[in-house]
Amino acid sequence: SSAILLACAVGLFTGLAVVFFNYAVHEIRDLCWGGIPDRGASWLREEPLELKWAYTVLIPAFGGLLVSLLNMTRTAVEDSTDATMSGMKSSIKPILKTMAACATLGTGNSLGPEGPSVEIGVSIAKAIGTFFDKPAQNKRSLIAAGSAAGLSSGFNAAVAGCFFAVESALWPSPTESTLSVTNATSMVILSAVIASVISEVGLGSEPAFAVPVYEFVSPGG
């Protein structure tokens, strides 16, 4: 059906968007930190004290300032009464939030990647549901598919994405029929699998963290 095809489209676009999001985070990180994260803790011994302070204080502070400016822009967009801006709010807000997440992660501030990934998927699902003017039940199923796609592409874990969507966005109500829940579950599974495949193709299947080899030596021997 058309709903299944739209769920596949949600998975495809979410996977591509999450890949772009990860590349953007790594580009900002490399630009700001110059490869320091790949060196582990050894840079604390190798670099002069002034450079350590510049990296550990100024770069995260700059990231926080940039995020504040982006949030102020998003608030201004939300509060705008301009007629030409009202139709663009739904598309501008997710972009600004994604940019803020890229700046936060890239400059070394604290943020988990699962939140932005899920929000990317949900935003894409809302946009597709609105564009094709789907009824409320189908929009809810698409949002569940988007959240599953976001989590599965962010962590390359399609099964976890499906369970997350079912528990958080697709928990059945007494008024829903078994058929509607079954269709929604099919949409979630397809979207999660497609997004996970796109993510693995774009980002690879290597571990997220390269753990260096450590040698443990006994003091007594």
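Expressed in nm to one decimal, what extension gain is obtained for the pair Val57 and Val77 from 0.36 nm per residue of sequence separation less their Cα-Cα distance?
Between Val57 and Val77, full extension yields an extra 4.1 nm.
When the Karplus curve 6.51 cos²θ - 1.76 cosθ + 1.60 is applied with θ = phi - 60°, which whole-Hz ³J(HN,Hα) does each residue of the range 14-25 get, with x for Gly and Pro?
5, x, 5, 5, 5, 4, 4, 4, 5, 5, 5, 4
Spin-label point model (7 Å from Cα, Cβ direction): what's the Leu111 to Ser186 distance in nm?
Distance between label points: 3.7 nm.
Kindly write out, for the range 148-161 in residue order, the coupling ³J(HN,Hα) from the Karplus curve 6.51 cos²θ - 1.76 cosθ + 1.60 (θ = phi - 60°), rounded to whole Hz, with x marking Gly and Pro.
5, 5, x, 5, 5, 6, x, 10, 6, 9, 5, 5, 4, x
Hey, can you rank 18-24, 69-75 by average C-beta count inside 10 Å, highest first?
Top of the packing list down: 18-24, 69-75.
In nm, what is the difference between 0.36 nm times the number of residues separating Phe131 and Val159 and their Cα-Cα distance?
In short, 7.3 nm is gained.
Straight distance only, please: which lysines reach the Cα of Lys93 with their own Cα at less than 27 Å, same-chain residues fewer than 8 apart left out?
Within the straight-line limit of under 27 Å, Lys93 reaches these lysines: Lys126, Lys134, Lys139.
Readers should treat all values here as calculations from the given coordinates under stated rules, not as data from a laboratory. Being a predicted model, the structure only gives us computed values, none of them experimental. Here the Cβ is made from the backbone with ideal geometry for all residues, glycine too, and neighbour counts use every protein chain on show.
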